[in-house]
Amino acid sequence: MLTKIAGGDIIDPVNGRLGKGDLWISDDKIVAAPAGGAAERTIDAAGCIVMAGAIDIHSHIGGGNVNTARLLLPEQHAAHQARPATTPLSNAGWSTFQTGCLYARMGFTTVVEPAMSPGAALHTHLELADIPIIDKATLAILGNDDFLLSMIRDDASSQMIEDYVAWTVASTRALGVKVINAGAAAAFKENVRTFSLDDVVPSYGVSSRKIVKTLQAAVDSLGVPHPLHVHCNNLGSPGSADTAAATIAAAEGLPLHLAHLQFYGYGTEGKRRFSSAAARLAELVNATPEVTIDIGQVMFGQTVTVSSDVMRQFSARGSAQPKKSVIHDGDGNGGGIVPYSYGKDFYGTMQWAIGLELFLLIDDPWRVFFTTDHPNGAPFTVYPALFELLMTREARTEMIAGLSPSAMALSTLAAIDREYTFEEIAIMTRAAPARLLGLTDRGHLGAGATADIAVYRRDQNIAKMLGQAAYVFKDGDLVVQDGEITHYRWGKALRLNPSPDKAMLRRLEDYHQQRYGLSLDWFDFPDTAIAREQPFGEVACRT
Amino acid sequence: MAVAWIGNRETLVERAAAHAAALLGSSRCPVFSLDTDIHGTRAAIALAERVGAAYDHADGAAVSREAALFTDKGAMTVAPGEARRRADVVVVVGELPQIHHQFVGELSATVPDLSTPDLSARNQREIFLIGSNEMSAPRLSNGRIATILSCGEASLGATLAALRAQWRGRQTSRPVSNFDDFAKALEAAHFPVFLFSGDATEGLALEMLQGLVTDLNRKSRASGLHLSASENGWGSALASTWMTGFPLRTGFARGFPEFDPWRNDVARMIAAGEADLHLRISSSIVQPQKKRNRMALIALAKTHEPVAGAAVTIAIGEAGVDHQAVVYSSRTGSLRSVDARAASELPSAATVIRLVASHVSAEAALPC
């Protein structure tokens, strides 16, 4: 079907298209305006802005730890905001179904679950397959697993390590690789309680830095489009800015992505020894072009922290609100679930301000990514309000008036004038994520792109405007109209598919037989296990 | 081979499904009890949403106790693979379901290979059993016998409380047998693991166990290995949690999911006469039920004949035997894909439930 989205303000930074015009869709692709072609369907986009569908690169939307968080907190589902009415499972709490609907209403069409335990890959993909409308992707976690740590300890060749990383990515159907507090989960099992970049994992004699550098090199060498996704050591600790700075320095010219930098933006100044180091980190990011970051913005209210950084979550158990938590020692990382409520006290205000400082002080929107680390900083449902804070200084000023003055006195936020433009929003939430993930078919509105399109009716109220899209197309299907779901469909999980090395397969089979008493097929699965047509979409590695 | 019956009369599966849908559509209070794989569960929950049913595991009490540990208290747990490779002290907490005895035997026959603990001269894990019922204990390798930790006839919860108190140096009215051996083993341990299940362990005992594990983690490491009372039951609990936000014992009576482990206890609803229609999904043979007034039964079961007293019976295959399936595995602590061991033409539970759902009128598409 040929569709024309007529007369909207098109914002497509990739193709340099900015201004009023028409956009044409043929079936599931964006096409050039057909010569003399008549549209079978015309969408009136006058008074609207038209952008590619948004891409979230870091949102914990499915998998073992996320599901455990649901299980832990049946009473907290109200915290996850309004439900679309009269839809299947419409009043469900924090469900897979609701996740897809809520993202689509905001114009998001692709979301990355950034922490998939390889051993729970099937579980994760089954959950993702039950998230309607949007496409999904996952990052496989490595860096605390015995197989990799043993290889590093034993000075295995870089080729062997690449073979293992390739097998993990292929067998788990991942789009990239993440390392979470490298080595710390393994050290925690041996009763180590704090762990920094140059600390060494007992029994392996391997430092956290060595693990990060090994994986960074393997990911780059394999041509995985997304750079190694790093959750640094010492998350949430006063002084963690030093760790983040050291990790940024460790990039050493190769691409590296640092996740939720806000949670490392903490200095040790002031009488509480907790201060903003955002300006320092922003300066470092600005000066290090091979580094990209996402923010992990904190917003106020109840949420639950879900992390495979089991050491950090164990230490945070005392701050659980309500007072219950789950700590799981997994085969690699495991994880911790600790509910938490961000209050407008000194600490909450400081965290909120640090995130916004990073957003506003990092110059290049191609290298800073829009996340709340859902649900760790806040549920993704706060995105419209966060857009407003980035795009209007006035909204920030109003918010600051109700927050801790002593925290704001230690922050530069009130003095920052910058307001994000729609073009910068389009870069940060569309063009840049697509480029970072290697998704050439989306993030832009050029001919041949997948017809993932979000149309927003202009409004002075930015949160209202970006919270309820006027129209959303996914693969050319009109799925949202006036902020309501109009059509349900099932997206795909985007994955890489590097060929596994046969010698590595044999080695892994032996390893699993000897160490776990199980054959490797206990940990693998066919695509048919997902029980959906075409559950996966393949993305090419760099050549 | 007949695969569907209305009453005792053979019929086409399509007709039986339509009749089942009509019964569900006219039911005032339908209830589902599940003993099925992940895709069977997903289909059943989607149908429950459509007809306003409450659903539970077929043997819901034990799974509910395990879910309550997480919904009410939280826990410290460890993956089974990690337990096999790291546990230098293994503590069996009460009675474990028979399906886990092989794994306990495996633990007793192997030694940990991670973190190189000192296993003393015996080069084997220390194994303890909390509780007094030695007869039901898993068999260990080489004729080994677990060291019993008990307080005479005291309940498991009371024994765990006494154990925890003694470990903290507090007085107890009655000492735990072999406590000194236990304390000595824990002092030397790198990573003790407590094996627990909700099968025969009450909720407060599970909480007390977690209290003990928490106490141990103040200065050293320890964790609990959840060996589910029912693998199908725990798998269904996980699928229910991602689909609705809630574990089993959730109901759609008011059009949206409500989690209430008392109100939606399907066995209770049947016994109390609240339910007027029971959809029972089980690949095992369904035993005839005591006839209850006004309550109709729809049985999806692996059967060659109509289930006694059922208004509708549809034959289904067994997950992992007649058809490929995804199931929860306590051996890996996650979901696993299993091939058909003896593939047959019997349809999966999911296939039949979706067929029934296709006959139920609805305004919107099924969510799965």
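The values are calculated or read from the model by the stated rules, or taken from the named source; none is laboratory data. Everything numeric in this text was worked out from a predicted model, so none of it was measured. Every residue, glycine among them, receives a Cβ derived from its backbone with ideal geometry; neighbour counts consider all protein chains shown.
The rows are residues; the columns are (1) of a type in the set (D, E, K, R); (2) within 14 Å of chain A (Cβ to nearest Cβ); (3) surrounded by 24 or more Cβ atoms within 10 Å (Cβ to Cβ).
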| site | (1), (2), (3) |
| --- | --- |
| B:I6 | no, no, no |
| B:A18 | no, no, no |
| B:R28 | yes, no, no |
| B:E66 | yes, yes, yes |
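When segment B:311-347 is examined, which residues are found to be more than 14 Å from chain A (Cβ to nearest Cβ) and either of a type in the set (F, W, Y) or under 20 Å from the mean Cα position of the chain (by Cα) (or both)? Result: B:E318, B:V321.
The number of residues in segment B:133-188 that are free of Cβ contacts under 8 Å to residues at least 24 places away in the same chain and out of contact with any helix residue (DSSP H, G or I) (no Cβ under 6 Å at 6 or more places or on another chain) comes to 19. Within segment A:200-233, being in contact (Cβ under 8 Å) with a residue 60 or more places away in the chain and not aliphatic (A, V, I, L, M) holds for A:T214, A:S221, A:G223, A:P225, A:H226, A:P227, A:H229, A:H231.
Condition check: surrounded by fewer than 17 Cβ atoms within 10 Å (Cβ to Cβ) and out of contact with any Ser or Thr (no Cβ under 6 Å at 6 or more places or on another chain). Does A:A447 satisfy that?
On the way: surrounded by fewer than 17 Cβ atoms within 10 Å (Cβ to Cβ): yes; out of contact with any Ser or Thr (no Cβ under 6 Å at 6 or more places or on another chain): yes.
Judged against the criteria, A:A447 is a match.
Just one of the listed residues (B:D72, B:D88) is within 22 Å of B:S155 (Cα to Cα) and within 14 Å of chain A (Cβ to nearest Cβ), namely B:D72. Starting from residues that are under 31 Å from the mean Cα position of the chain (by Cα) and in a loop (DSSP other than H, G, I, E, B), keep the ones in segment B:162-177 and report whichever is surrounded by the most Cβ atoms within 10 Å (Cβ to Cβ). In this case the residue turns out to be B:V176. Filter segment B:178-199 down to the residues that are touching a strand residue (DSSP E or B) at 6+ places or on another chain (Cβ under 6 Å) and either within 14 Å of chain A (Cβ to nearest Cβ) or outside any helix (DSSP H, G or I) (or both) and list them by number. The answer is B:N178, B:A189, B:P192, B:V193, B:F194, B:L195, B:F196. Among the residues of segment B:71-87, those identified as on the phi < 0 side of the Ramachandran plot, of a type outside the set (S, T, N, Q), in contact (Cβ under 8 Å) with a residue 40 or more places away in the chain and touching a strand residue (DSSP E or B) at 6+ places or on another chain (Cβ under 8 Å) are B:A75, B:M76, B:V78, B:A79, B:P80, B:A83, B:R86, B:A87. Exactly one residue out of A:G438, A:G537 is under 26 Å from B:A325 (Cβ atoms) and within 21 Å of the chain's Cα centre (by Cα): that is A:G537. On inspection, B:A48 qualifies as part of a helix (DSSP H, G or I), more than 9 Å from chain A (Cβ to nearest Cβ) and in contact with a strand residue (DSSP E or B) (Cβ under 6 Å, 6 or more places away or on another chain). Taking the listed residues A:Y511, A:Y516, the one that is more than 30 Å from A:A45 (Cβ to Cβ), of a type in the set (F, W, Y) and more than 10 Å from chain B (Cβ to nearest Cβ) is A:Y511, with no other qualifying. Whenever a residue of segment A:188-199 is more than 11 Å from A:V310 (Cα to Cα) and within 14 Å of chain B (Cβ to nearest Cβ), its partners that are assigned to a loop (DSSP other than H, G, I, E, B) and basic (K, R), lying with C-beta atoms within less than 7 angstrom and at least six residues away or across chains, give the pairs A:N191/B:R221. If you take the residues of segment A:1-50 that are within 31 Å of the chain's Cα centre (by Cα) and of a type in the set (S, T, N, Q), which of them is surrounded by the fewest Cβ atoms within 10 Å (Cβ to Cβ)? If we take residues in segment A:1-50 being within 31 Å of the chain's Cα centre (by Cα) and of a type in the set (S, T, N, Q), then A:N15 is surrounded by the fewest Cβ atoms within 10 Å (Cβ to Cβ).
Within segment B:222-242, does at least one residue satisfy the condition of being buried (at least 16 other Cβ atoms within 10 Å of the Cβ), over 22 Å from A:R317 (Cα atoms), without any contact (Cβ under 8 Å) to a residue 60 or more places away in the chain and of a type in the set (V, I, T)?
Just the residues of segment B:222-242 that are buried (at least 16 other Cβ atoms within 10 Å of the Cβ), to begin with: B:222-242.
Restricting the remaining residues to those that are over 22 Å from A:R317 (Cα atoms) gives B:227-242.
Within this subset, residues satisfying the condition of being without any contact (Cβ under 8 Å) to a residue 60 or more places away in the chain are B:241-242.
Going one step further and asking which of them are of a type in the set (V, I, T), we end up with B:241.
Yes; the residues of segment B:222-242 include at least one that is buried (at least 16 other Cβ atoms within 10 Å of the Cβ), over 22 Å from A:R317 (Cα atoms), without any contact (Cβ under 8 Å) to a residue 60 or more places away in the chain and of a type in the set (V, I, T).
Could you please let me know if A:E398 is surrounded by fewer than 20 Cβ atoms within 10 Å (Cβ to Cβ) and either under 26 Å from A:R280 (Cβ atoms) or out of contact with any Leu (no Cβ under 9 Å at 6 or more places or on another chain) (or both)? Yes.
Would you check which residues across segment A:292-309 are surrounded by 24 or more Cβ atoms within 10 Å (Cβ to Cβ) and not hydroxyl-bearing (S, T, Y) and list them? Let's see the steps before the verdict.
Pass one, segment A:292-309, residues surrounded by 24 or more Cβ atoms within 10 Å (Cβ to Cβ): A:292-298, A:303-309.
Of everything in segment A:292-309, those that are surrounded by 24 or more Cβ atoms within 10 Å (Cβ to Cβ) and not hydroxyl-bearing (S, T, Y) turn out to be A:I293, A:D294, A:I295, A:G296, A:Q297, A:V298, A:V304, A:V306, A:D309.
Does A:D146 count as farther than 30 Å from A:Q98 by Cα and facing chain B (nearest Cβ under 10 Å)? When the stated conditions are applied, A:D146 passes them.
I need the strands (runs of 3 or more DSSP E) fully contained in segment A:252-365, keeping only those with at least 2 residues that are modelled with pLDDT of 95 or more and away from every other protein chain (no Cβ under 14 Å). Spell out how you get there, then give the answer.
Working: elements: A:256-258, A:291-294, A:301-307, A:325-329, A:335-342.
By residue number, A:256-258, A:291-294.
The set of residues in segment B:243-269 being among the aromatic types (F, W, Y) and away from chain A (no Cβ under 11 Å) consists of B:W262 alone.
Quick one: would you say A:V368 is in contact (Cβ under 8 Å) with a residue 60 or more places away in the chain and of a type in the set (V, I, T)?
Details: in contact (Cβ under 8 Å) with a residue 60 or more places away in the chain: yes; of a type in the set (V, I, T): yes.
Answer is yes for this residue.
When segment A:153-191 is filtered for residues that are in contact with a Gly (Cβ under 9 Å, 6 or more places away or on another chain) and either surrounded by fewer than 24 Cβ atoms within 10 Å (Cβ to Cβ) or modelled with pLDDT under 95 (or both), only A:R153 remains.
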